[in-house]
Amino acid sequence: MSIDFSRLARRPDPVRVPRAAVGEAGLFVVDATWGVIQPLGLAPGVETVGELEVIGHVQAGGLLVDCRLAAYLAGGTIPSAVNIPHGEIVERREELDRAAPTVLFCNGPQCPASGEAVKALLEAGWPAQSLRYYRGGMHDWVTLGLPLAAPASATAPTD
């Protein structure tokens, strides 16, 4: 039996982060036509986390990195997140702490940015056990009605 799992055709100008439906509190418009579905697990030793783990990580003072390009930050990010675009992650790795877990995220399960950042860090010798992947990203965060904030400023860890 052959089942077609093709996705919808890409819209000419896709919206990468769900947006509130006008006049409908708690309802969101989601564009399901963009991106490539990402795997649940990125690499051996890199833990995939969900919203409750992200919240616990932030409440414990852990570093949260938004790997999206600056153009996508206008609608906000997860509270306490610092923006280090995925293409800059290796050059800016001094802003991370090798000895403590760092959670990385991007636009969501169809966005490759945080996966590319994790891969680049691993190739640069970063320890896998120090990386966490929030696959749901902004897509799941927003559609679950969780709060947004302006991105925080990154600071290098003090040793």
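A few remarks follow.
- Remark: V49 matches the filter, which requires a residue to be of a type outside the set (G, A, S), in contact with a strand residue (DSSP E or B) (Cβ under 9 Å, 6 or more places away or on another chain) and closer than 23 Å to Y72 by Cα.
- When A100, A117 are checked against the criterion of being among the small types (G, A, S), part of a loop (DSSP other than H, G, I, E, B), in contact with a strand residue (DSSP E or B) (Cβ under 8 Å, 6 or more places away or on another chain) and free of Cβ contacts under 8 Å to residues at least 60 places away in the same chain, A100 stands alone in meeting it.
- Qualifying residue in region 43-63 (condition: of a type in the set (S, T, N, Q), within 20 Å of L121 (Cα to Cα) and in contact with a helix residue (DSSP H, G or I) (Cβ under 7 Å, 6 or more places away or on another chain)): no
- Of residues in region 103-147 being surrounded by fewer than 23 Cβ atoms within 10 Å (Cβ to Cβ) and of a type in the set (S, T, Y), the one modelled with the highest pLDDT: S130
- Index of the failed condition, Y133 passing every other in (1) in a loop (DSSP other than H, G, I, E, B); (2) closer than 17 Å to P44 by Cα; (3) of a type in the set (S, T, Y): (1)
- In region 56-67, the residues that are assigned to a helix (DSSP H, G or I) and either within 24 Å of P14 (Cβ to Cβ) or in contact (Cβ under 8 Å) with a residue 12 or more places away in the chain (or both): H57, V58
- Selection within region 41-71 - among the hydrophobic types (A, V, I, L, M, F, W, C) and out of contact with any Phe, Trp or Tyr (no Cβ under 9 Å at 6 or more places or on another chain): L52, I55, V58, A60, L63, L69, A70, A71
- Total residues in region 7-52 satisfying the condition of being within 23 Å of L64 (Cα to Cα) and out of contact with any Pro (no Cβ under 7 Å at 6 or more places or on another chain): the figure is 19.
- The condition of being touching an Asp or Glu at 6+ places or on another chain (Cβ under 6 Å), loosely packed, with under 14 Cβ neighbours inside 10 Å, modelled with pLDDT under 95 and not β-branched (V, I, T) holds for only one of A156, A150, A70, A74, that being A156.
- Residue that is surrounded by the most Cβ atoms within 10 Å (Cβ to Cβ), among those in region 1-52 that are in a loop (DSSP other than H, G, I, E, B) and hydroxyl-bearing (S, T, Y): T33
- Boolean, E53 is over 28 Å from D13 (Cα atoms), among the acidic types (D, E) and over 16 Å from the mean Cα position of the chain (by Cα): no
- Considering residues of region 19-28 that are closer than 19 Å to T77 by Cβ and of a type outside the set (F, W, Y) only, the residue nearest to the chain's Cα centre (by Cα): R19
- Yes/no for I55 being over 22 Å from L146 (Cα atoms) and either of a type in the set (V, I, T) or at pLDDT 95 or above (or both): no
The values are calculated or read from the model by the stated rules, or taken from the named source; none is laboratory data. Note that the structure is predicted; figures quoted are calculated from it, not measured. Quick reminder, even Gly has a Cβ in these numbers, built from the backbone with ideal geometry, and neighbours come from all protein chains shown.
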